[in-house]
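Right, one structure below, let's go through it.
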Amino acid sequence: MRLYRLQPSDIPGDDGRRGKPPFGAAPTEREDLGYKVELWDETGIAVEQVVAITASASIGYAAYYAATREYPQRCLTLRHKNSIISRWNGPSH
């Protein structure tokens, strides 16, 4: 996962520190963001994309529900840390 910080190119009072994020280095993995919505590849073997990451269970479930509508034919999981809370396997027909 990459985090980008956008800023204008003409910052007033720029003292030559271009290229450095204004708030320090971006975290790579946050333990307090324990809920993840994962989109699996078509074979169901590996996670293709993490659709959402949040600290809130209700926001995680809302993102999971939205993802089941966005990708109805694909496998999705809602995970809290290392536990799977819910799994969507798509239609079984």
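Here's the yes/no breakdown for (1) surrounded by 15 or more Cβ atoms within 10 Å (Cβ to Cβ); (2) among the polar types (S, T, N, Q):
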| position | (1), (2) |
| --- | --- |
| Ala55 | no, no |
| Gly60 | yes, no |
| Tyr64 | yes, no |
| Arg74 | yes, no |
| Leu78 | yes, no |
| Asn89 | no, yes |
| Residue count for region 31-46, restricted to those that are aliphatic (A, V, I, L, M) and out of contact with any Ser or Thr (no Cβ under 8 Å at 6 or more places or on another chain) | 3
| Among the residues of region 25-44, is any at pLDDT 60 or above, surrounded by 13 or more Cβ atoms within 10 Å (Cβ to Cβ) and part of a loop (DSSP other than H, G, I, E, B)? | yes
| said: I'd like the full set of residues that are in a loop (DSSP other than H, G, I, E, B) and of a type outside the set (S, T, N, Q), limited to region 47-91. | reply: Ala55, Tyr71, Pro72, Arg74, Cys75, Lys81, Gly90, Pro91
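The values are calculated or read from the model by the stated rules, or taken from the named source; none is laboratory data. Everything quoted here is computed from the prediction, not taken from an experiment. Cβ atoms come from the backbone with ideal geometry, glycine included; neighbour counts cover every protein chain shown.
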